[in-house]
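So the structure is just underneath, and the comments pick up after that.
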Amino acid sequence: MNVADRRLPSLFLIPLVLAIVGLFLFMALLSGQRDLTVLSLILFGVAAGAKLWSRWSLAGIACSVHIDRRRVFPGEKLFLEATAKNRKLLPVWLQIRAPVGGLGHDGSADTAVTAESGLLWYQKANFRWELAALRRGIHRIGPLGITSGDLFGFFPEEKEMTETVEVVVYPRLVPLKPPATARRDLFGIPGADSPVLDPVYILGTRDYQHGQPAKYIHWKATARHHKLQEKIFEPSAQEKVLLVVDVVSFARQGAEEAFERMLEAAASVAVRFSERGCAVGLVTNGRMTGEGPFIVSVARNPSQLTILLEVLARVRMKPARNLIDTFRLYLRVPWGISCLYFALEQDETARTAKEYFAQRRIPFLFFNGHPFSDSAGAGISGKPATGESDDGHAGEDPD
């Protein structure tokens, strides 16, 4: 909402009106019309007072913005709050306008939310809006636009704040079943049947067996049960997955819808693998919105999935670097990983990447972006992506 669209348009904004009032004052003075003279002076006094009032209206006005959630999925709700304080004796009229980017508000197509209120001396006002995350990406709320003035709204003054809030909208999650990947069992089979015990993963406890090393005694369980307890170990099954998102083929064909569907598939697969306790990483050659990494090392920690989803939220359908050079210069390939390659088609870059991983005996699974285009219909609603594996052993141990 612009100042010109406000609900209180002012006649004092038209210089011609003020000129007419001045003409009436001149005529009243010549003819000795006392009442007309007083009325003209009152009008001039109101205009001058309102102008002076408006000039001081923005002084002492402080505004802040707060949002309850900064990371959401499409379709989720979030609340935006703005606080305005009048830190002076002069009461003012105030309007706040907050650009919300691609976030929705009450089903409206407006790109900003507005609210207005009158503030007395040292008074505070709170404004609250419910927003909805409509699409993936990085959406910036702000900077706030403040319009203030006299209580009549005759002479508004504008000011723009510098504070902005960034909202990260992750790709939509869809019901996809992750493909089988290579699983590395370093210490054999679980439990007591394992020929070699893994000291890292504890499956449970049992009564101490004579002849077991004392280092396997679980002292806390022993104190709880009042008899010796020993640890039961499980194998450290190292399932590692590297997701590769290649944007070149999408950008070349302008397949924006297919690109979004592919990111939804990649995010969904990453979440499923993370839920299974797998170590997941990500590499992309797409340009980022704002500051963000283009490589997420293969790891398993509490913040890994959040970092990975944020990279998928920031990536754009614009190539920023050569993917193969990125592999060679920046990628540290841990032992035992499997590669899931997301692209629109198997172009030269995809074939070179396949050869790169084949030389390192890394299983390679290709995800074709075409099943997620509009012609495929329900590809995003539940059908898993079709994949082609390197030599047909994406779920086998290459060793």
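What residue, among those in region 130-144 that are open to solvent by 20 Å² or more (accessible area, probe 1.4 Å) and part of a strand (DSSP E or B), is nearest to GLY104 (Cα to Cα)?
GLU130
Which condition number in (1) under 30 Å from the mean Cα position of the chain (by Cα); (2) at pLDDT 75 or above; (3) among the hydroxyl-bearing types (Ser, Thr, Tyr) is the one that THR37 fails?
Among (1) under 30 Å from the mean Cα position of the chain (by Cα); (2) at pLDDT 75 or above; (3) among the hydroxyl-bearing types (Ser, Thr, Tyr), the lone unmet condition for THR37 is (1).
Any idea which residue in region 281-299 is surrounded by the fewest Cβ atoms within 10 Å (Cβ to Cβ), counting only those that are modelled with pLDDT under 90 and in contact with a Ser or Thr (Cβ under 8 Å, 6 or more places away or on another chain)?
ILE295
Of the residues GLU76, GLU157, GLU81, which is farther than 23 Å from ARG316 by Cβ and within 32 Å of the chain's Cα centre (by Cα)? So that I can check it myself, show each step before the final result.
Working: GLU76 fails: farther than 23 Å from ARG316 by Cβ; GLU157 fails: within 32 Å of the chain's Cα centre (by Cα).
Just one listed residue meets the conditions, GLU81.
Considering only region 293-320, state which residues are among the charged types (D, E, K, R) and farther than 25 Å from VAL248 by Cα.
First, pick out the residues of region 293-320 that are among the charged types (D, E, K, R): 300, 310, 314, 316, 318.
Residue satisfying the conditions is ARG300 alone.
Under the condition of being of a type outside the set (Ser, Thr, Tyr) and surrounded by fewer than 15 Cβ atoms within 10 Å (Cβ to Cβ), which residue from region 113-122 is nearest to the chain's Cα centre (by Cα)?
Looking at the filtered set, the residue picked out is GLY118.
Could you please find all residues in region 266-278 being in contact with a helix residue (DSSP H, G or I) (Cβ under 8 Å, 6 or more places away or on another chain) and either β-branched (Val, Ile, Thr) or not in a helix (DSSP H, G or I) (or both)?
Matches in region 266-278: VAL271 only.
Free of Cβ contacts under 8 Å to residues at least 40 places away in the same chain and of a type outside the set (Phe, Trp, Tyr): does that describe GLU345?
Against the criterion (free of Cβ contacts under 8 Å to residues at least 40 places away in the same chain and of a type outside the set (Phe, Trp, Tyr)), GLU345 does not qualify.
Out of the residues in region 250-265 that are of a type outside the set (D, E, K, R) and not in a loop (DSSP other than H, G, I, E, B), state the one that is most open to solvent (accessible area, probe 1.4 Å). Please lay out each step first, then the result.
Just the residues of region 250-265 that are of a type outside the set (D, E, K, R), to begin with: 250-251, 253-255, 258-259, 262-263, 265.
When the remaining residues are screened for being not in a loop (DSSP other than H, G, I, E, B), the result is 250-251, 253, 258-259, 262-263, 265.
Numbers: PHE250: 1, ALA251: 37, GLN253: 99, ALA258: 6, PHE259: 4, MET262: 3, LEU263: 1, ALA265: 1 Å².
For region 250-265, the residue satisfying everything is GLN253.
Within region 163-191, can you find the residues that are of a type in the set (Gly, Ala, Ser) and either open to solvent by 60 Å² or more (accessible area, probe 1.4 Å) or modelled with pLDDT under 50 (or both)?
ALA180, GLY188, GLY191
The values are calculated or read from the model by the stated rules, or taken from the named source; none is laboratory data. Keep in mind the model is a prediction, meaning the values are calculated, not measured. Every residue, glycine as well, gets a Cβ built from its backbone with ideal geometry; the counts of neighbours run over all protein chains shown. Please note that ligands, DNA and RNA were not included when accessible areas were found on the heavy atoms of the full protein model with its side chains. Shrake-Rupley method; radii C 1.70, N 1.55, O 1.52, S 1.80 Å.
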